Amino acid sequence: MDEPVSKFLRAYIDWKVVVCALLLTLIGLISVYSATHDSTMAGHFTHQFVAACIGVVLMITIMFSSERMIDFFAYPAYIFAILCLVAVLVVGRTAYGAKAWINIAGFSYQPAEFAKLATVLALAKYFTNTPRDLRRIPDLAIAAGIAIAPVVLVLLQPDVGTSIVFFMLLFGMLLWAGADLFLLLAIASIPAICIAAFFGTIPAIVVSVIAIGGLVAFRRRFFSTLIAVAICVIAAFSTNVVYQHLKPHQQKRIDVFLHPSNDPLGAGYNELQAQLAVGSGGLVGKGFLQGTQTQLRYIPKQWTDFIYCVPTEEFGFIGGALVVILFAVLLWRGVWIASQTRQQFASAAAIGIVTMIMFHAAVNMGMDMGLFPVMGIPLPFLSYGGTFLIVDLISVGLLLNFYRNRFGWR
């Protein structure tokens, strides 16, 4: 290879990101094939393969696009995503209990997946278009509004799991953009205390004390600290009230997460079978197409939310660890790109993408291992879903674009 070409490939293409994304996509295709090849869902592999090809083409196209063009289309993409979320409530197709898909020319499109990435770009544009002081309530409120608008529409589908993703990417981007840490801690303390309360009074008290201690340590004005502490106390005492107003299936998910063995053949079935599949693979696994939990279909819809069970059962600890390592490297490179680029828009957008992928991966793999409740969040690059895979690869294309333009816009 000529020396100039070699220098170009090293200087303008982050091969670590490329390799990680393509390997994760390949593992996903293998897993989807294993989970569906001898069932009525055999066509899922072909659909996923076509989506992967489209996604790779878009990834390469975006990688070599102008970053100015990406910046320019940030708000239009967000507006288009909002309109699609409205449209899906009117003409959408219902599946898995949510009205979240639109059929276009024989293909199913899930607007919420594109809306996540569009929200990332819109927030990045808002943070950097003109100087913002995210320590001021008005600027912070507008940023929150950008994320909350799609959340409301997604909750109407209803899809609680997807709505949580918007809050997480907002939190990650605000933290990176320099928002008030005192305010962010106050916001983060609310769900932390609520979650701890489900485990009992003592965990709730411990988390509340830690949160209140952290807020007091900032030494802010007495009135501001008092309000933040009051919110933490209210969160601790209102958790049970909120739980009573949840829908029955949402209450059941929480109960199953805390005590899955109480209903091993009912609500806790999926979670227990997923844990069995993950743990039964041993060091090297049972072999490709040899996983009993996978091939005997003990886990319903395994090719979606429980796809991580396939590589861990059939390729064991090595297969599961490989997936974790690939995600870790991909996320490390994303943070590195965000810290090295000279463009504030690219930096904020890169962190948003990293937060989105990290949260999806951590929660999905945690669900399969019993560390998180089942909440319908797919695993990036692996879970079945054409829209989701294409958006994942477009996100990688954006990271590669930001890497290529890290020294300045071209």
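Quick notes on this structure:
- Of Ala149, Ala144, Ala124, Ala197, all but one fail to be open to solvent by less than 60 Å² (accessible area, probe 1.4 Å) and under 13 Å from Ala348 (Cβ atoms); the exception is Ala124.
- The number of residues in segment 173-190 that are free of Cβ contacts under 8 Å to residues at least 40 places away in the same chain and not aliphatic (A, V, I, L, M) comes to 0.
Residue by residue, here is whether (1) within 23 Å of the chain's Cα centre (by Cα); (2) farther than 20 Å from Tyr126 by Cα; (3) not basic (Lys, Arg) holds:
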| position | (1), (2), (3) |
| --- | --- |
| Ala149 | yes, no, yes |
| Val154 | yes, yes, yes |
| Gly161 | yes, yes, yes |
| Phe166 | yes, no, yes |
| Phe171 | yes, no, yes |
| Ala179 | yes, no, yes |
| Ala204 | no, yes, yes |
| Val207 | no, yes, yes |
| Arg219 | no, yes, no |
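- The listed residues are Val165, Val160, Val209, and the only one of them that is open to solvent by 40 Å² or more (accessible area, probe 1.4 Å), among the hydrophobic types (A, V, I, L, M, F, W, C) and modelled with pLDDT of 80 or more turns out to be Val209.
- Among the residues of segment 389-407, just one is under 17 Å from Ile351 (Cβ atoms), open to solvent by 10 Å² or more (accessible area, probe 1.4 Å) and part of a loop (DSSP other than H, G, I, E, B), namely Arg406.
- Of the residues making up segment 68-93, just one is under 17 Å from Leu393 (Cα atoms) and at pLDDT below 90, namely Ile70.
- Residue satisfying condition, being of a type in the set (Gly, Ala, Ser) and open to solvent by 20 Å² or more (accessible area, probe 1.4 Å), within set Ala338, Ala350, Ala362: Ala362
- Of the helices (runs of 4 or more DSSP H) entirely within segment 274-380, those holding at least 3 residues that are closer than 14 Å to Ala35 by Cα and touching a residue at least 60 places away in the same chain (Cβ under 8 Å) occupy 309-340.
- Taking first residues from segment 221-235 that are without any contact (Cβ under 8 Å) to a residue 12 or more places away in the chain and part of a helix (DSSP H, G or I) and partners that are open to solvent by 90 Å² or more (accessible area, probe 1.4 Å) and not hydroxyl-bearing (Ser, Thr, Tyr), the Cβ contacts under 9 Å between residues at least 6 apart in sequence or on separate chains come to Thr225/Arg219.
The values are calculated or read from the model by the stated rules, or taken from the named source; none is laboratory data. Treat the numbers as computed from the prediction; the structure is a model and nothing was measured. Note that each Cβ is placed from the backbone with ideal geometry, even for glycine, and that neighbours are counted across all protein chains shown. Surface accessibility is based on the protein's heavy atoms, side chains included, excluding ligands, DNA and RNA. Shrake-Rupley method; radii C 1.70, N 1.55, O 1.52, S 1.80 Å.
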